[in-house]
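Participant: Questions regarding the structure given below will be posed in turn.
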Amino acid sequence: MIRRPFVAPLATCLVFAQGAGAADDLSYDVHLSAVERTAQEAARVIAITAPTYDFTTPEPFETNQGGAATVPARADEDAFSRPSASLTQEQELTFTLGRAMFKKLWVSSPSSTKASDGLGPLYNARSCLRCHVNNGRGHPPGQGGEASVSMFLRISVPASPDAPMSEIETYLAERDGEAATPLTRPDPTYGSQLQTFAIQGHAAEGRMAVQYEDISVSLAGGETVTLRAPSYNVEGAAYGALSPDALVSPRVANPMIGLGLLEAIPAADILAHADPDDADGDGISGRPQIVWSAAHERPVLGRFGWKAGNPAVEAQSAAAFSSDIGLSTPLAPNAAGDCTAMQQACVTAEHGDGDVRGTEVDQAGLDLVSFYAANLAVPARRDVDEPEVLRGKALFYESGCAACHVPKYVTARLEDAQDAPQSFQLIWPYTDLLLHDMGDGLADGRPEGRATGREWRTPPLWGIGLTAQVSGHTYLLHDGRARSVLEAVLWHGGEAQAARDAVVQMPKTDRDALLRFLDSL
């Protein structure tokens, strides 16, 4: 029996979006230029995004994972570094300028290079590319010959009962009632993220240390796989001990491809897959993360980050500039980045804002980086018509993987010219962008917005088969504990337990076919 992910008609999607707690006239979308679909377009979308029953041949357009923006797959480390195929010549120039900003090495203030100063004083990397090497996936410390540049520790503490609430916290408290996720606040000394580097004259906050314990898992057919269960600690804490009730969560940098396409998926189409009370009884829930959009000053759907904590590419870029590099932007204007009141030397240090840029990264610079990030192309699928790949695809559906890793969507029709590469495209990201309880094994114990300490956003799978050639490793999951796709699957629990068990019980030939299919994405 093939287990199919639920796909609702568009009209049902819109009703669901309103029933999920949106205000009467409130859209959870960030793309205000989206054009409402006609009845004919809605019917076409329903037909083409319906899950397939036929696994004897590839589906139409399945090779082009990123729609018209798809580029041919390369066999080198630059497979994730190409611009969307549908960019105009003028947009390609903007993309090139954005790439220069993405690669720029920032320096401390004061500096004669006024367009590049403002680093830190505490930071995790000097450039965006240092975390997203080749626009690919990060790795744990000690892997690839580097320190924890592409992986960091998020930190928070439980909020006191009388702590004032932000706009989004108030909204979610009213919306979710007693089911609202407990509130957290940044650590009073170390802020929301451990900064492992500092400019001259300042001390880095500390080092992230990780230790692993081996866990053996037996598979059908006599195969045994050894998993690594990590534990984390902060060594050399330079500003005193963390709060005794501090909650830490490791995060590796995510791949950069296809972000603009994910942003262009209509919120209603994502909400249609949510089933927070498991009304259909399949064991799969899925909840939308709702976050505050500083750009639009309203609640919107979270899509980016391991717990979907950011709604848009621009917001994600601004958050990374602030927390990772210590740079201010119009959306995150604090020149001291993640420094706290307990780190006065950092707060009062000379920063790079206040010159002609205004903030250390001005709106023009933020726009360039956001455009670059939104238009990094998704490579084409490989071997889609190979019999073993088609068999693996059938097993992907049969085992229930497609219930969360939803294969395909059609993006919104967008009016703005700069959004043309993402407009009305059939895409294959293999994600529902929803939060799922992944069980005790993957729990970090740290709530974030609506996400509990056991919930994670379903990561897109497109490009996963190119991880080794792009990033030089195959470390997967939020903390890189999995050294292969199979190990990542075996860590699935909670809502994904049944799918994980199905993979464990498969004959080796079927398991190999499933992995071959995933390698083709």
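Participant: Which one is farthest from Glu487 (Cα to Cα) among residues in segment 225-239 that are in a strand (DSSP E or B) and in contact (Cβ under 8 Å) with a residue 60 or more places away in the chain?
Facilitator: Result: Val234.
Participant: Output the number of residues of segment 189-224 satisfying the condition of being farther than 27 Å from Gly236 by Cβ and of a type in the set (A, V, I, L, M, F, W, C).
Facilitator: So the count comes out to 4.
Participant: Write out, first by first residue and then by second, each pair whose Cβ atoms fall under 9 Å of each other, whose residues are 6+ apart or on separate chains, and whose first residue, in segment 276-304, is surrounded by fewer than 17 Cβ atoms within 10 Å (Cβ to Cβ) while the second is among the polar types (S, T, N, Q) and at pLDDT 95 or above.
Facilitator: Final answer for the pair search is Gly283/Gln497.
Participant: On to the next question. For segment 180-230, give me each residue that is under 24 Å from Gly445 (Cβ atoms) and surrounded by fewer than 12 Cβ atoms within 10 Å (Cβ to Cβ). Can you show your working first?
Facilitator: Residues of segment 180-230 under 24 Å from Gly445 (Cβ atoms): 180-196, 205-215, 217, 227-230.
Within segment 180-230, Pro182, Gln211, Glu213, Asp214 meet the criteria.
Participant: Just to be sure I understand the filter: pairs with C-beta atoms under 6 Å, separated by 6 or more residues or on different chains, first member in segment 353-382 and closer than 18 Å to Val30 by Cβ and in contact (Cβ under 8 Å) with a residue 12 or more places away in the chain, second member among the β-branched types (Val, Ile, Thr) and buried (at least 20 other Cβ atoms within 10 Å of the Cβ). Which pairs pass?
Facilitator: Leu366/Thr329; Ser370/Val313; Ala373/Val313; Ala374/Val313
Participant: Select from segment 358-382 the residues that are at pLDDT 95 or above, not in a helix (DSSP H, G or I) and not charged (D, E, K, R) and list them in ascending order.
Facilitator: Across segment 358-382, the qualifying residues are Thr359, Val361, Asn375, Leu376, Ala377, Val378, Pro379, Ala380.
Participant: Check off (1) in contact with a Lys or Arg (Cβ under 8 Å, 6 or more places away or on another chain); (2) farther than 30 Å from Ala295 by Cα; (3) not in a strand (DSSP E or B) for Asp245 and give me the number that stays unchecked.
Facilitator: Of everything listed in (1) in contact with a Lys or Arg (Cβ under 8 Å, 6 or more places away or on another chain); (2) farther than 30 Å from Ala295 by Cα; (3) not in a strand (DSSP E or B), Asp245 misses just condition (1).
Conditions (1) in contact with a Gly (Cβ under 7 Å, 6 or more places away or on another chain); (2) surrounded by fewer than 19 Cβ atoms within 10 Å (Cβ to Cβ); (3) over 18 Å from Leu227 (Cα atoms), marked per residue:
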site	(1), (2), (3)
Leu414	no, no, yes
Asp419	no, no, yes
Ala468	no, yes, yes
Leu477	no, no, no
Gly494	yes, no, no
Val503	no, no, no
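Participant: Within segment 454-462, does at least one residue satisfy the condition of being touching an Asp or Glu at 6+ places or on another chain (Cβ under 9 Å), aromatic (Phe, Trp, Tyr), surrounded by 24 or more Cβ atoms within 10 Å (Cβ to Cβ) and within 24 Å of Ile48 (Cα to Cα)?
Facilitator: no
Participant: Just the residues that are among the aliphatic types (A, V, I, L, M), touching a Phe, Trp or Tyr at 6+ places or on another chain (Cβ under 7 Å) and closer than 20 Å to Arg126 by Cβ, please, taken from segment 357-376.
Facilitator: Val361, Val369
The values are calculated or read from the model by the stated rules, or taken from the named source; none is laboratory data. Here the structure is a predicted model, which is why all the values come from computation and not from measurement. Glycine gets a Cβ as well: all are built from the backbone with ideal geometry, and neighbour counts include every protein chain shown.
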